[in-house]
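Below is one structure, written out as structure tokens; comments come after it.
The values are calculated or read from the model by the stated rules, or taken from the named source; none is laboratory data. Bear in mind that the values here come from a model prediction, so they are computed numbers and not experimental data. For neighbour counting, all protein chains shown are included, and Cβ atoms are generated from backbone atoms with ideal geometry for every residue, glycine included.
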């Protein structure tokens, strides 16, 4: 007897009575059942607010990043349990790798993003602060804070694990509990993954809930502090977007919809070029990976008219070698569609496309998959069509067969190719294969207006290219128009989607206290102990040192020039310097930087281990011979990343604000220094 899947809501598993049968895409046998019981979504949302939000807020950004890393390690050790289930979705081992290990890589990536780019605490300061008065006693800045609401993630069937984790990771990092609603047809794989995540003990209570089956009245429970994300068809996205409760409460809605992505072969590429084969290989890969069931798959293949025949021949030759069948069998390179319903949908859409196209290869009845029971599976042959009239509206520009189906179309010049690309009415990604950088510089901005990502491929990029269809955690995933108009991923940007941005006004002292980051003009703390003699846990934000003074001499300029090799005329040519905008010889900017370090560094052994970088460096006013400078060093920001030095001693990151001024009180240089500082224990 196949198992009945369960929802995990309000800290308990719900579902005993079987309902909808979920069948294996490989052989039609029942893998699991959705449950019959209707969840109490009011209780689930309330639980997320009452228990999930406080539990997540008991951790800070850095601690949540550490949990994500630990979770990724936990899942990596148990990935074979998921592979054993994943093949029922029709996926090959390499397809499952994208879903399972690609999802895990996203957890690792966001753990690193949180560690590197987010502060300790739960307030992100989007500085710098802006003085709003002449005396800098009143200023303004922006902060980002957790919304205090619930994120509902409604996902597609094609990536049951990655689709969940690419949304869960930034949501969790932002301190927002989430309710995951996977597509029912492949929810048995999502449920298995969620069980492992909960068994890890790493997730605070209420931070993750799971819905198997229909959402019923879930969206009716949401309020303005909540967020809804959706991945799936453009038609479903359009319906959800106008849900009355989402509109009434201005609930943010982010859609990433299937789109008619394209690949363009530029006119400079001939069949003799390496790029020609790269183009054909990329199209074939996107048609067959996950049996073409990717929101980023290439649906329109746009090539010069004088290359159509050559591209068609090489594509057909490559596709004819693709062995379709049970992924457990040796040699099989493409599995099945995720369900029999999906097979019916793809077949009907191919039939619709044939009204404006010709069949070059494949088709609904062309598949003869390997495997004893594969005749009962949802296998569909790779199918290549040729558009009869590429410039006409409709057809391949409007109809998407969400499977191993692409339409080849010709163009006369690159301007016409860009017009054809735009006929998709907004897509997630376009690939441009060219050897001509001038052509790329012209085409990419035009493509960018209609696509969320543009992948430029040539022989130089090919060895390291991640490909047309691979969204990456550090880059934006989403697209305009038909693609949904939303944004996901994109590094720390994805985390900020789940935070509230607010403008704050007040005195620099108040802004320092609110942001947890020193704001210039605010109160500082000075003592007889040099700040560099303080351990990480002893330091306070705002702790400061005003150094003694140093007068710059001509010998300084000469010695620094000889040491550095920098003999720029502004430092050494009296006549040229006098005729410049400064009217005199000036010191090297990096001499000012070095001289300031000499003024504020405490030379003895202490808790400051290393200076590993400078941020926001600006040389504001020139320093001439005879000018006197001094510096103010202030503890600006502390970040506890939970790391240790190579010899096992705990340490944290301290950012120091440095302001160098001259004898007139004018700022001549300004920057942040980043240091590693030991903790006292």
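One table, with the values for the structure above:
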| quantity | calculated |
| --- | --- |
| Matching option when the condition is out of contact with any helix residue (DSSP H, G or I) (no Cβ under 7 Å at 6 or more places or on another chain) and either touching a residue at least 24 places away in the same chain (Cβ under 8 Å) or not in a loop (DSSP other than H, G, I, E, B) (or both), among 168, 157, 172 | 168 |
| Wholly enclosed helices (runs of 4 or more DSSP H) of the stretch 221-323 bearing at least 2 residues in contact with a strand residue (DSSP E or B) (Cβ under 8 Å, 6 or more places away or on another chain) and over 30 Å from residue 369 (Cα atoms) | 234-241 |
| Hits in the stretch 545-566 - residues which are part of a loop (DSSP other than H, G, I, E, B) and in contact with a strand residue (DSSP E or B) (Cβ under 6 Å, 6 or more places away or on another chain) | 547, 549 |
| Test result for residue 34, outside the structural domain of residue 216 (by TED's automatic domain parsing), surrounded by 15 or more Cβ atoms within 10 Å (Cβ to Cβ) and in contact with a helix residue (DSSP H, G or I) (Cβ under 8 Å, 6 or more places away or on another chain) | yes |
| Residue in the stretch 593-608 that is at positive phi and surrounded by fewer than 14 Cβ atoms within 10 Å (Cβ to Cβ) present | no |
| Test for residue 196: is it part of a loop (DSSP other than H, G, I, E, B), at pLDDT 95 or above and within 30 Å of residue 12 (Cβ to Cβ) | no |
| Some residue of the stretch 74-84 being under 30 Å from residue 123 (Cβ atoms) and surrounded by fewer than 21 Cβ atoms within 10 Å (Cβ to Cβ) | yes |
| Selection status of residue 453, closer than 21 Å to residue 483 by Cα and within 22 Å of the chain's Cα centre (by Cα) | yes |
| Test: residue 272 is outside the structural domain of residue 99 (by TED's automatic domain parsing) and under 24 Å from the mean Cα position of the chain (by Cα) | no |
| Checklist (1) out of contact with any strand residue (DSSP E or B) (no Cβ under 6 Å at 6 or more places or on another chain); (2) at pLDDT below 95; (3) assigned to a loop (DSSP other than H, G, I, E, B) applied to residue 187, failing item | (3) |
| Residue selected from the stretch 225-257 under the condition over 24 Å from the mean Cα position of the chain (by Cα) and touching a residue at least 24 places away in the same chain (Cβ under 8 Å), by the criterion surrounded by the fewest Cβ atoms within 10 Å (Cβ to Cβ) | 250 |
| Filter pass, residue 462 being over 24 Å from residue 224 (Cα atoms), outside the structural domain of residue 254 (by TED's automatic domain parsing) and either more than 11 Å from the chain's Cα centre (by Cα) or touching a residue at least 40 places away in the same chain (Cβ under 8 Å) (or both) | yes |
| Selection count, the stretch 365-407, where residues are loosely packed, with under 15 Cβ neighbours inside 10 Å and on the phi > 0 side of the Ramachandran plot | 1 |
| Every residue from the stretch 190-218 that is touching a strand residue (DSSP E or B) at 6+ places or on another chain (Cβ under 9 Å) and within 19 Å of residue 49 (Cα to Cα) | 198, 207, 208, 209, 210, 211, 215, 218 |
| From the options 350, 346, 332, residue that is over 16 Å from residue 406 (Cβ atoms) and in contact (Cβ under 8 Å) with a residue 40 or more places away in the chain | 332 |
| Qualifying residue in the stretch 567-584 (condition: closer than 25 Å to residue 677 by Cβ, out of contact with any strand residue (DSSP E or B) (no Cβ under 6 Å at 6 or more places or on another chain) and modelled with pLDDT of 90 or more) | no |
| Selection status of residue 415, assigned to a helix (DSSP H, G or I) and touching a helix residue (DSSP H, G or I) at 6+ places or on another chain (Cβ under 9 Å) | yes |
| Residue 485 over 18 Å from residue 263 (Cβ atoms), out of contact with any helix residue (DSSP H, G or I) (no Cβ under 6 Å at 6 or more places or on another chain) and assigned to a loop (DSSP other than H, G, I, E, B) | yes |
| Total residues in the stretch 493-544, condition in a loop (DSSP other than H, G, I, E, B) and in contact (Cβ under 8 Å) with a residue 40 or more places away in the chain | 20 |
| Residue among 465, 512, 437 that alone is touching a strand residue (DSSP E or B) at 6+ places or on another chain (Cβ under 8 Å) and modelled with pLDDT under 95 | 465 |
| Filter result for the condition that a residue is more than 16 Å from the chain's Cα centre (by Cα), buried (at least 17 other Cβ atoms within 10 Å of the Cβ) and either more than 23 Å from residue 95 (Cα to Cα) or outside the structural domain of residue 268 (by TED's automatic domain parsing) (or both), over 441, 430, 446 | 446 |
| Residue match in the stretch 612-626 (condition: closer than 25 Å to residue 527 by Cβ and within 35 Å of the chain's Cα centre (by Cα)) | no |
| Positions within the stretch 93-108 being crowded, with 24+ Cβ neighbours inside 10 Å, touching a residue at least 40 places away in the same chain (Cβ under 8 Å) and either more than 16 Å from the chain's Cα centre (by Cα) or under 28 Å from residue 27 (Cα atoms) (or both), in sequence order | 95, 99, 100, 103 |
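Listed here are the residues, each with its yes/no results for (1) in contact with a helix residue (DSSP H, G or I) (Cβ under 8 Å, 6 or more places away or on another chain); (2) closer than 24 Å to residue 112 by Cβ; (3) without any contact (Cβ under 8 Å) to a residue 12 or more places away in the chain.
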| residue | (1), (2), (3) |
| --- | --- |
| 138 | no, no, no |
| 190 | yes, no, no |
| 196 | yes, yes, no |
| 211 | yes, no, no |
| 216 | yes, no, no |
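To keep it simple, each residue is scored yes or no on (1) in a strand (DSSP E or B); (2) farther than 20 Å from residue 588 by Cβ; (3) without any contact (Cβ under 8 Å) to a residue 24 or more places away in the chain.
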site: 629; (1), (2), (3): yes, no, no
site: 632; (1), (2), (3): yes, yes, no
site: 635; (1), (2), (3): yes, yes, no
site: 638; (1), (2), (3): yes, yes, no
site: 656; (1), (2), (3): yes, yes, no
site: 660; (1), (2), (3): yes, no, no
site: 665; (1), (2), (3): no, yes, yes
site: 668; (1), (2), (3): yes, no, no
